[in-house]
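Asks: One structure coming up, written as structure tokens, with questions to follow.
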Amino acid sequence: MTTRRIGAVAAAAVLALGLTACGSDAGDTGGSGSTGGGDTAGGLKIGIKFDQPGLGQKKGSEYSGFDVDVATYVAKELGTEAADITWVQAPSAQRETLIETGQVDLVFATYSITDKRKEKVSFAGPYFVAGQDLLVRSDDSSITGPDTLDGKKLCSVTGSTSAQNVKDDVPGVQLQELSGYSECLPALEKGTLDALTTDDTILAGLAAQPEYAGKFKVVGKPFSTERYGVGLKKGDTALCEKVNAAIKKMVEDGSWKKAIDANLGPAKYTPGAGNPPTPDACS
């Protein structure tokens, strides 16, 4: 597990006050980050999700998940040890702002590369290709894809487009919206819901939690393409190229697969087509 970095400035202030240093809550951007142009001396501020099991999750002062493992590997290749990373919560709606305002240097947060986002930030990667899929009970063989959802009860999160996409294609599906994906799992386990839909990586992370071991499975027939990239300051080609080189090395030395197996393997998840991906050219 990695721990939060306390920046040199913050540490000096703490010593001056004679207090014991401790990490702050989500959104803390203490410590110096990169100065652009690929210079990462002094550590990195990295944005991740704090509430996605198997991908980016914070428990106490501990951080875990595939995104965290990839970020930690990349940071080390850039010269920043795990203990010198400042982890910053990066909710989906705030990722571009965090990058543009310098609150983070990099974002690893199931961050799909899109043309619209490229108007505000640049991307390294992708480091993973995900796709929308379905999570069902392990003993349910009746659901094999969206076309078998007619009459079934499908769970999603309020405001999510994932389930609505399915409903548009399968009008007979009964859509139930809850406030979070984790809330769908107890109902799915009891049989009051039949399936849950979102990115296959998120589904695998949910199913890989110890309390749900062996109870759920990802159908394994993704019906969209989500290319997870590393968000960074727009136009910082030097840093982008360094991140891409680190991603390539992680794939080549087997660390990428080990991270997948460790974080999503308990859900018997197998990466879909396009994995491991080749990073795009930086621009």
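Asks: Binning at 5 angstrom from zero up to the longest distance, how are the C-alpha pair distances of segment 121-163 distributed in percent?
Replies: Computed distribution, short to long bins: 5, 14, 22, 19, 15, 11, 7, 6, 2.
Asks: Can you work out D for segment 102-215 in µm² s⁻¹ from Stokes-Einstein, where Rh is the Kirkwood radius over C-alpha pairs, the temperature is 4 °C and the viscosity is 1.567 mPa s?
Replies: On the way: Rh = 15.5 Å.
Answer, rounded: 84 µm²/s.
Asks: Test of the criteria: in segment 233-270, which trypsin sites (Lys or Arg not before Pro) are in a DSSP loop and have at most 16 other Cβ atoms within 10 angstrom of their Cβ? Walk me through the numbers before you get to the answer.
Replies: Details: sites: Lys233, Lys234, Lys242, Lys248, Lys249, Lys257, Lys258, Lys268; in loops: Lys234, Lys268.
For trypsin sites (Lys or Arg not before Pro) across segment 233-270 that sit outside H, G, I, E and B with at most 16 neighbouring Cβ atoms in 10 Å, the list reads Lys234, Lys268.
Asks: Averaging sequence separations of C-alpha pairs under 8 Å and six or more residues apart, then dividing by the length of segment 63-174, give the relative contact order as a whole percent. Show your work: numbers first, answer last.
Replies: On the way: 64 pairs, mean separation 17.4, N = 112.
Relative contact order here is 16 percent.
Asks: May I ask which of Lys45/Lys116; Lys120/Lys167; Lys76/Lys233; Lys49/Lys116; Lys242/Lys268 have a Cα-Cα span longer than 26 Å here? Spell out each step's value before the answer.
Replies: Working: Lys45/Lys116 24 Å; Lys120/Lys167 31 Å; Lys76/Lys233 19 Å; Lys49/Lys116 21 Å; Lys242/Lys268 32 Å.
Correct reply: Lys120/Lys167; Lys242/Lys268.
Asks: What is the fewest-to-most order of Cys282, Cys155 by other Cβ atoms lying within 10 Å of their Cβ?
Replies: On the way: Cys282 18, Cys155 24.
With the sparsest Cβ surroundings first, the list reads Cys282, Cys155.
Asks: On full extension of the chain, what length is gained from Leu175 through Lys76, given 0.36 nm per residue of separation minus the C-alpha to C-alpha distance? All intermediate terms of the calculation are to be shown ahead of the outcome.
Replies: Values: separation 99, 0.36 × 99 = 35.64 nm, distance 4.37 nm.
Stretched fully, the Leu175-Lys76 segment lengthens by 31.3 nm.
Asks: Could you tell me the relative contact order of segment 132-218? Use alpha-carbon pairs under 8 Å, at least six residues apart, and round to a whole percent.
Replies: Details: 148 pairs, mean separation 35.4, N = 87.
About 41 percent, as a whole number.
Asks: I'd like to know how segment 197-283 sits against the 2.2 N^0.38 Å rule of thumb: what's its Cα Rg over that expected value? Kindly include the intermediate steps, with their values, before the conclusion.
Replies: Details: Rg = 15.1 Å, N = 87, 2.2 N^0.38 = 12.0 Å.
Normalised Rg, Cα atoms only: 1.26.
Asks: Residues in segment 147-164 near a label at Lys221, defined as backbone nitrogen under 18 Å from the 7 Å Cα→Cβ point?
Replies: 147-155, 163
Asks: Another one. Multiply the residue gap between Lys257 and Asp139 by 0.36 nm, knock off their C-alpha separation, and tell me the result in nm, one decimal place.
Replies: Roughly 39.8 nm would be gained on extension.
Since every read-out is calculated from the coordinates, none of them should be taken as a lab result. Quick caveat, the model's predicted, so the values are computed rather than measured. All Cβ positions, glycine included, derive from the backbone under ideal geometry; neighbour counts span all protein chains shown.
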